[in-house]
Structure formats: C-alpha cells, structure tokens
Amino acid sequence: MNGTKSIEWCPVSRKANIALILCLLCGGLVNVHAQSNPNTTLPTGVSVAIRYYDQAIYFPGSDIEIKVTISNDSGNTYQFELADNRMYSLDFDVRSMTNVEVPRATKFTTQMNSNQPAFFRNVSINPGEAYSFTENLQDYRNIADPGMYVVTASFYPNLRSDLSGASKTDTSMKSNRLTLSVSPSVQGIAAVQQRIDQQTGAVLAREALPPDQVVSFTLQARQHGNWDRFFLYLDLEALLRRDPAQDRRFVRMSQADQQAMIEKFRNDLKQSTTASDISVIPTSFRIVQTSYTPDRGTVQVLEDFDNGSYTEVKRYTYTVQRKNDIWYITDYEVQNLGTK
C-alpha cells in the first residue's frame with residue numbers, strides 16, 4: 001500500500017545544505033527557506049528493500065528494472081522527502097564478484113552535473129504500510145560487460161546534500177543485496193525469445209507511447225494473435241494482484257515463487273485457462289476517452305465481440321501507470337452495454 005503523499009511540491013537548489021524554494025505559480029512569487037529534516041536519524045523498524053521488478057535474463061545494455069520498497073514496521077508514522085527525479089533520493093552500488101565498482105551511467109552523471117532544481121514531495125507511511133517505486137539500474141550504472149554482480153541501494157530520506165556524490169553526513173538507508181547475472185548473448189535465451197517480434201524477428205523494445213496508443217497497440221496485438229506484442233505493455237504483476245486472494249498469496253511468497261506465479265499467469269492468459277476479460281479478442285474497438293496526469297491515467301474503449309448470431313458490446317476502462325517514461329496497463333474494468 002502506498003503511503004499518503006502531500007500535494008505540496010518544492011524545488012530544491014543543488015548547493016550545499018540544499019535550500020528549499022517554494023514556487024508559487026500563481027503570481028510568480030518565490031519564497032526561500034531552510035530545508036527541514038523531519039528524520040535526522042532513522043527510526044527502528046523502517047527499512048528499504050530491493051528486488052527485480054520483472055526478472056528476466058539480462059544482457060549488456062538491457063533495461064534492469066529494480067523495485068524499491070520503503071517499509072514502516074515501527075509503531076509511528078514515518079515521513080520522508082522523495083524527489084520527482086529519483087536520482088536525488090536514491091543511488092545504486094554495483095560491484096563485480098572481485099569487488100570492482102561498475103562506473104556511473106552517462107545519464108546519471110549528466111543529470112547530477114546539470115544546474116537544475118530538484119522537485120520533491122513529502123511522503124508519509126503509516127505503521128504497517130510501505131511505499132514502492134521502480135527504477136532502471138542502467139540509468140545509474142553502466143553495466144556494459146557480461147558477468148556476475150552484486151547490487152545494493154542507498155535511499156536518502158532527506159535527499160542528498162552533495163548531489164555529485166552523497167556526503168558522508170547524509171542520512172541513508174541501505175538495502176539488501178541482489179545478485180545480478182548479465183549474459184554475454186541473447187541467442188537461444190527463452191526469456192529474451194519472449195521479446196522477439198514475430199513479424200520482424202527483432203527484439204521488441206518498449207517505446208514512450210501515450211496511454212491511448214499503448215492500449216491500441218495492445219488490442220491490435222491481441223487481434224493478430226501476437227502474444228509477444230500483447231504482453232509488452234502489460235504490468236502482469238499488477239494485473240495478477242487485482243484478485244484479493246491472489247494478492248494475499250503473492251505477498252507471502254519468496255521472490256523466486258513470485259516470479260514463477262507471474263510466469264504461470266502469463267501462460268494461463270495464453271492458454272485461456274484463467275477467467276480474464278483482458279485476453280478476450282475483440283472484433284473491433286474504438287477509443288472514446290483518454291485522461292491522465294503525469295503518472296496515472298485511464299483509457300475508455302468500446303469493444304465489439306462476435307458471438308455468432310449477435311455482437312456483444314462492452315466498455316473497457318483501462319488504468320495505466322507511467323514508469324520510467326513508459327506507460328503500462330495495470331488494471332481494467334468492464335461494463336456490458338448490450339448487443340447489436
């Protein structure tokens with residue numbers, strides 16, 4: 001469950017001690033005041049954990065999505081500051097098995113050296129709750145060679161005081177360790193073969209499409225029976241956990257069992273052995289309404305289904321969420337509109 005987010009946003013200057021700049025857009029007034037640090041020490045029971053968001057076989061240059069979760073198992077509400085650009089709140093350490101540090105990614109170096117303000121929000125997590133987000137490890141470290149690596153994360157609840165490299169005085173939470181295997185080739189790897197375009201033979205890559213085009217792309221893929229394209233913009237974990245019973249099972253599992261459960265859900269959709277309206281093939285569809293904020297949105301679609309002697313009409317409302325500039329389908333609702 002996500003913690004409660006405040007609606008106040010502040011740009012942070014990138015000088016030592018990080019001054020807060022509260023932008024009042026109406027009237028163009030700017031007030032500057034010293035940064036508040038609600039958590040100068042970390043309370044017992046608050047922790048950060050990392051795991052692979054959609055674990056696959058990785059190769060040099062491929063995206064490596066890491067899910068970061070801040071959990072509050074203490075008895076009090078925990079508050080922290082979270083930057084819109086997560087690089088101001090998070091860092092990853094990646095080392096080879098011989099303890100050689102992997103160099104910084106160009107994207108990280110460029111953003112950390114840019115003279116731009118960092119916007120952040122105040123986040124509160126109640127006891128027993130957690131807050132999660134996903135980051136691409138390749139944005140932080142340039143993992144250009146195959147091999148075995150160890151990955152850890154550092155989360156800065158009050159942002160960094162020295163954005164070119166965290167100060168020794170910054171308060172941070174250290175995560176668990178992940179073992180990362182990067183393969184030298186994509187040939188013959190089953191997990192990569194799932195991303196091969198049946199039409200062109202190329203490895204499918206997600207693009208920064210707007211929400212309506214993501215939904216249209218997914219529906220067209222299903223109409224043509226192209227499962228690789230169909231799954232490209234589906235958040236299978238989120239769709240799986242729509243079912244409360246499945247969600248309860250999922251959270252009690254180990255990471256390996258969770259990945260196996262997601263893969264089984266993928267196969268069940270392909271084999272039509274699960275009762276899911278999202279994999280039913282529409283004979284035609286048209287998008288009637290799209291609305292979205294920077295991170296979340298909905299797309300309403302009228303879909304026709306041929307049942308032989310009549311055509312059934314349904315309204316699908318797809319929920320989409322943006323992660324690392326890519327929109328994913330995370331939920332949906334179906335309303336029967338009758339027949340024609």
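The values are calculated or read from the model by the stated rules, or taken from the named source; none is laboratory data. Nothing here was measured: the structure is a model prediction, and the numbers come from that model. FYI the Cβ positions are ideal-geometry reconstructions off the backbone, even for glycines, and counts take in every protein chain you see. Remember, those area values only see protein heavy atoms, side chains included, never the ligands or the DNA or RNA. Shrake-Rupley method; radii C 1.70, N 1.55, O 1.52, S 1.80 Å.
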Within region 150-171, which residues are over 25 Å from the mean Cα position of the chain (by Cα) and either open to solvent by 40 Å² or more (accessible area, probe 1.4 Å) or modelled with pLDDT of 70 or more (or both)? Ser161, Asp162, Lys168, Thr169
Condition first: polar (S, T, N, Q) and open to solvent by 70 Å² or more (accessible area, probe 1.4 Å). Can you find one or more residues in region 116-133 that meet it? yes
Strands (runs of 3 or more DSSP E) wholly inside region 237-334 containing at least 3 residues that are farther than 16 Å from Val214 by Cα: 296-306, 311-323
Could you go through region 188-199 and let me know if any residue there is modelled with pLDDT of 85 or more, under 23 Å from Lys323 (Cβ atoms) and not charged (D, E, K, R). no
Working only within region 240-252, note down all residues that are open to solvent by less than 10 Å² (accessible area, probe 1.4 Å) and in contact (Cβ under 8 Å) with a residue 60 or more places away in the chain. none
Does Asp277 satisfy the criteria of being loosely packed, with under 15 Cβ neighbours inside 10 Å and either under 26 Å from the mean Cα position of the chain (by Cα) or on the phi < 0 side of the Ramachandran plot (or both)? yes
Under 8 Å by Cβ, and 6 or more places apart or on different chains, what pairs join a residue from region 75-102 that is touching a residue at least 24 places away in the same chain (Cβ under 8 Å) and closer than 15 Å to Val182 by Cβ with one that is of a type in the set (S, T, N, Q) and crowded, with 17+ Cβ neighbours inside 10 Å? Phe92/Ser154; Val102/Asn142
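Matching residues to (1) closer than 22 Å to Gln220 by Cβ; (2) among the aliphatic types (A, V, I, L, M); (3) touching a residue at least 12 places away in the same chain (Cβ under 8 Å); (4) in contact with a Pro (Cβ under 9 Å, 6 or more places away or on another chain):
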{"site": "Ser254", "(1), (2), (3), (4)": "no, no, no, no"}
{"site": "Met261", "(1), (2), (3), (4)": "no, yes, yes, no"}
{"site": "Gln271", "(1), (2), (3), (4)": "yes, no, no, no"}
{"site": "Asp277", "(1), (2), (3), (4)": "yes, no, yes, no"}
{"site": "Thr283", "(1), (2), (3), (4)": "yes, no, yes, no"}
{"site": "Arg286", "(1), (2), (3), (4)": "yes, no, yes, no"}
{"site": "Arg296", "(1), (2), (3), (4)": "no, no, yes, no"}
{"site": "Val299", "(1), (2), (3), (4)": "yes, yes, yes, yes"}
Evaluate region 81-89: report whether one residue or more is open to solvent by 10 Å² or more (accessible area, probe 1.4 Å) and either farther than 27 Å from Thr44 by Cβ or more than 22 Å from the chain's Cα centre (by Cα) (or both). yes
